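Please treat every number below as a calculation from the coordinates, not as lab data. Bear in mind the structure is a predicted one, so any value in this text is a computation, not a measurement. Every residue, glycine among them, receives a Cβ derived from its backbone with ideal geometry; neighbour counts consider all protein chains shown.
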Amino acid sequence: MSLPHMSESTEMYLKAMAELGDHPVAIARLAERLGVTPVSANEMMRRLGEQGLVTHTPYKGVTLTEKGREAAANVLRRQRLWEVFLFEHLKIEWAKIYEFACSLEHATAPEVTEALAAFLGNPKVCPRGNPIPDANGGFEPLGGRSLRETAVGKTVRVRAVNATATDVLKYLQDKGILPGQTLKVLEAAPLDGPLTLSVNGKEVALGLSMAEFVIVE
C-alpha cells in the first residue's frame, strides 16, 4: 500500500473509526473514544472530508471512504504488528501493549512494517484477537458478537477484545477475560446493571459498557 504521509492526529482518527466498526460512526462516540471534545472531533471530520477520507451524513455520523479505509487499514497493520512483537518477543504485559504500540506505529516506515511482518511470520491476529490487515489492506472480518448481547446461561469463548484504554485492558486482564478464555453469563442485573460472569471458576462483575468491548463466539 502506497499512501501519502499523514499526521499522527489524522491516523488516530482513522484508526478509531476502523476500530469502532459500525458505520456510520456518531461523531460524539468517536470523540468519546479518543478523549476529545465533540467540537474538536467535528472540526477534524470536516478536514478529513476535504481530504476525501470520510463522508458525513447529517444526524447519522461519518463513514470512511475507500481511500479512508485503505489508510485506516495501513495504520491498523502497523499497530497490531507491533502489539505482536511487544507481547511475544519483548514479553510486555498484555494490558500495556496497545499503548506502547500506538506510540511506535506513527514512526514506522513501510519498509520497516513489512520487515516486521516477515520477522513475525505474517501473523493474522494481534494478541487482543483482532485481525491484522495484510500488505494490501485486506483482512478477515472479526465476526462474533459483543458479550453485552449474550443471554444469561450461555457459555461462550472470548474471541477478541477491542478496548484500547490501558485501565480497561488491565481490568479485563486481572479478571481473566482474555482471548481464548471460556466464560459463562450467570446473571444480568436490571436497569443496565452489570453482568455476573463465571471465569475460571470465579464470579466476576462486568459493566455493560465494558462488556461491549469483549467479542465472543
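Computed values, structure above
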quantity	calculated
Amide H within-cut-off set for Val54, under 5 Å, with H built and near neighbours excluded	Gly49, Thr65
Neighbour-limited loop hits for chymotrypsin sites (Phe, Trp or Tyr not before Pro), segment 1-82 (at most 14 other Cβ within 10 Å; DSSP other than H, G, I, E, B)	Tyr59
Under Karplus coefficients 6.51, -1.76 and 1.60, residue-wise ³J(HN,Hα) of segment 165-175 in Hz, glycine/proline x	6, 4, 5, 5, 4, 5, 4, 5, 4, 5, 8
Rounded if a/c under 1.5, otherwise prolate or oblate - segment 80-193, Cα gyration tensor axes	prolate
Of Lys67/Lys154; Lys15/Lys154; Lys60/Lys170; Lys67/Lys184; Lys15/Lys60; Lys15/Lys175, those spanning more than 29 Å from alpha-carbon to alpha-carbon	Lys67/Lys154; Lys15/Lys154; Lys60/Lys170; Lys67/Lys184
Under the Karplus curve 6.51 cos²θ - 1.76 cosθ + 1.60, θ = phi - 60°, whole-Hz ³J(HN,Hα) for segment 201-209, x wherever Gly or Pro sits	x, 10, 8, 10, 9, 9, x, 5, 5
Segment 145-216: C-alpha gyration tensor shape, a/c 1.5 cut-off, then a/b vs b/c	rounded
Positive minus negative residues near Thr196 (Lys, Arg vs Asp, Glu; Cβ under 9 Å)	-2
For the chain, calculated [θ]222 nm from helices alone, where every DSSP H run of n ≥ 4 adds -39500 (n - 2.57)	-12500 deg cm²/dmol
From phi via Karplus (6.51, -1.76, 1.60), per-residue ³J(HN,Hα) for segment 154-164 in Hz, x at Gly/Pro	7, 9, 9, 10, 6, 8, 7, 10, 9, 6, 10
Under 12 Å from Lys91, Cα to Cα: aspartates and glutamates that are on another chain or at least 8 residues apart	Glu83
Net charge, Asp167 excluded, C-beta distance under 11 Å - Lys, Arg +1, Asp, Glu -1	0
Cβ-defined net charge surrounding Ala107, 10 Å radius [Lys, Arg +1; Asp, Glu -1]	-1
Label-point gap, in nm, between Leu90 and Arg157 - each point 7 angstrom along Cα→Cβ	3.0
Space enclosed by the convex hull of the alpha-carbon atoms of segment 1-139, per residue, Å³	101
Sequence-distant residues sharing a close amide H with Cys126 (under 5 Å, placed H)	Ile132
